[in-house]
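Here is the structure we will look at, set down as structure tokens.
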Amino acid sequence: MMFEKVVRGHIVTPEENFLGEIGIINGKIEEVSKMQDYLDGETVHDFGNDYIFPGFIDTHVHCYSNPNEGIQRASMAAAKGGITLFIDMPYDLPTPVTNKDILNEKIDTINKESVVDIALWGTVPKENGAAVVDELADNGVAGFKLSTFETDPYRFPRISDADILETMKKAAKRDLVVAFHAENDELLTRYIEDAKSENHVEPIYHNLTRPPVTETTAVIKLLDMATWADAKLHIVHVSHAKSIEYINWFKAQGANVTAETCYNYLLLTTEDLKELGPKAKINPPLREPDELKALEKQLLNGSIDFITSDHAPWQKADKSIGNDNIFKAKSGSPGLEFMIPLLFDYLIGEERVTLSNFAELLALNPAQRFNLDNKGSIEQGKDADFTVINHRVSWQIDENEFISISDVSPFHEHTANNRIEATIVRGEMVYTHDHGVVEKNSGQFVKPSLIKDCDDQ
Ligand SMILES: [Zn+2]
């Protein structure tokens with residue numbers, strides 16, 4: 001049999017890893033072989049001893065929180081960073097994704113401009129939110145993202161408990177996840193007002209005004225509501241181990257809940273916030289070193305389902321405005337194009353998890369949670385999405401060289417001891433280290449696989 005393409009290297013599957021090769025036809029994995037020089041291909045890519053992982057998935061990206069970024073630029077950054085699919089957040093400027101027209105416009109942009117595959121989060125408006133759930137589900141959102149904390153009354157509002165519960169019930173009927181930015185609006189608004197009135201505006205006050213209780217009180221409420229609503233709940237950017245302890249307790253009672261943390265919470269602490277100021281301002285805030293260790297313990301015992309970037313492409317001016325007052329700086333940081341090398345060093349380089357665990361956290365688990373049935377693992381019949389990592393080289397992260405519009409990161413000048421050698425989306429090489437982003441517009445909008453209830457609609 002002649003394959004259109006054959007890819008050779010050190011292949012990582014959910015169960016094992018081996019030197020082998022993958023035969024591709026029509027963008028799909030047709031055969032996975034443990035032999036080498038065995039499959040015949042019209043084109044053969046030999047990556048030697050480099051790791052071939054399933055294409056990595058980042059479920060938490062904000063392409064349009066800075067509208068200068070947009071789909072094309074973010075997806076090029078993703079290709080460079082070894083992300084073959086991301087799920088883009090709905091809090092776009094100027095208009096959030098709250099109806100099918102806005103959603104379909106965004107889908108058109110993806111199909112025209114994207115380099116990698118993209119799925120989409122929808123959200124609900126501040127008033128009568130649940131009314132839009134079915135319309136957005138019908139048009140292919142991968143899930144709903146809501147907030148218990150008001151970042152912006154129109155674009156990123158706090159949703160009332162009544163609308164949260166109703167949205168959970170409706171989304172559950174469509175087998176779609178409802179994900180939450182879980183912070184207690186009343187508590188942290190009060191703490192920030194107090195800090196400002198006492199002129200406590202140094203960087204550490206970003207942490208001190210958002211103590212762990214501002215996260216855990218929001219998480220517990222959502223866990224309880226999801227239990228009553230029979231919902232598929234997902235908590236984004238968990239920053240504290242206590243949240244995971246509560247999630248585990250509710251899981252043990254039967255709640256359908258998953259949790260992610262972001263790479264920042266595993267690699268940075270309040271020490272970095274004190275030193276770097278606005279650059280290290282993210283929500284929820286960075287935690288104390290002992291709290292990071294406790295979170296890491298939860299990750300390593302399997303209680304955290306996946307790791308995301310929360311890519312927010314702010315620029316130097318968005319951060320420097322907070323140099324004298326941390327509360328004025330924008331919250332968030334980029335990550336699409338360098339998160340994987342950082343996590344590879346931390347988790348594989350420092351031998352915290354196996355290669356297959358790494359692939360689970362960054363590909364299989366998110367694919368399964370969002371019903372992205374063609375994604376997530378190197379197995380016959382799945383899309384030929386691969387991330388190739390060369391683990392024998394070092395390079396330095398330079399915030400002035402990002403493909404992303406962002407030019408500010410707490411990881412500036414940090415050394416990575418591996419690099420993305422190639423990124424392959426449905427059999428197409430979209431990025432190589434030698435040639436950069438080589439294939440444009442090959443990305444597609446990806447819908448979750450249809451669920452039984454909706455087949456006859
Ligand atoms: Zn976010």
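The values are calculated or read from the model by the stated rules, or taken from the named source; none is laboratory data. Quick caveat, the model's predicted, so the values are computed rather than measured. Cβ: placed from backbone, ideal geometry, glycine included. Neighbour counts: every protein chain shown. Heads up: the accessible areas ignore ligands, DNA and RNA and are worked out on the full protein's heavy atoms, side chains in. Shrake-Rupley method; radii C 1.70, N 1.55, O 1.52, S 1.80 Å.
What to note about this one:
- Residue ranking by accessible heavy-atom surface, 1.4 Å probe, largest first, among Y154, Y246 comes out as Y154, Y246.
- With all protein chains modelled, accessible area of E30 [1.4 Å, Å²]: 70 Å²
- The residue among V257, P366, S33 whose Cα reaches farthest toward the positive pole of the charge dipole of the chain, with charges on the beta-carbon of Lys, Arg, Asp and Glu, is V257.
- Within the accessible surface of segment 55-369, defined with a 1.4 Å probe on protein heavy atoms only, the carbon and sulfur portion equals 48 percent.
- Here the Karplus curve 6.51 cos²θ - 1.76 cosθ + 1.60, taken at θ = phi - 60°, turns the phi angles of segment 48-60 into couplings of x, 8, 5, 6, 10, 9, x, x, 6, 10, 10, 8, 9 Hz, with x standing for Gly and Pro.
- Exposure ranking of M225, M168, M2 by accessible area [1.4 Å probe, largest first]: M2, M225, M168
- Between the residues Q315, A77, L208, the greatest Cα displacement towards the positive end of the dipole of segment 55-369, with unit charges on the Cβ of Lys, Arg, Asp and Glu, is found for A77.
- The candidates M89, M35, arranged from most to least accessible area with a 1.4 Å probe in the full protein assembly, appear as M35, M89.
- Against the chain, whose longest principal axis is taken from its Cα atoms, helix 289-300 shows a tilt of about 40°.
- What the phi angles of segment 393-403 give under the Karplus curve with 6.51, -1.76 and 1.60, with θ = phi - 60°, is a coupling list of 9, 10, 7, 10, 6, 10, 5, 7, 10, 5, 6 Hz, glycine and proline written as x.
- Scanning residues 5 or more positions from H45 or on other chains, those with amide H under 5 Å from its amide H are V6, V7, R8, with H placed 1.01 Å from N in the peptide plane.
- Angle in degrees between helix 241-252 and the longest Cα principal axis of the chain, rounded to the nearest 10: 70 degrees
- Length released on extending from E401 to S197, taking residue separation times 0.36 nm less the Cα-Cα span: 69.5 nm
- Label zone at M1, where the point sits 7 Å out along the Cα-to-Cβ direction: segment 372-391 residues whose backbone N lies under 17 Å: 378-385
- Crossing angle, helix 161-173 versus the chain [Cα axis fit, 0-90 degrees, rounded to tens]: 20 degrees
- Placed amide H near R426: partners under 5 Å, 5+ positions off or other chain: A384, D385, F386
- Taking the Cα centre of the chain as origin and assigning +1 to Lys and Arg Cβ atoms and -1 to Asp and Glu Cβ atoms, the resulting dipole is close to 620 debye.
- 3J(HN,Hα) couplings calculated from phi for segment 27-35 with the Karplus curve 6.51 cos²θ - 1.76 cosθ + 1.60 (θ = phi - 60°) are, in sequence order, x, 10, 6, 9, 8, 10, 10, 8, 9 Hz; Gly and Pro show x.
- For the chain: accessible area per residue (Å², 1.4 Å): 39 Å²
- Note on D434 and E275: with the Förster distance fixed at 30 Å, the Cβ-Cβ geometry gives a FRET efficiency of about 0.25.
- For C262, nonlocal amide neighbours, meaning residues 5 or more places apart or on other chains whose placed amide H falls under 5 Å from its own, are V238, T308.
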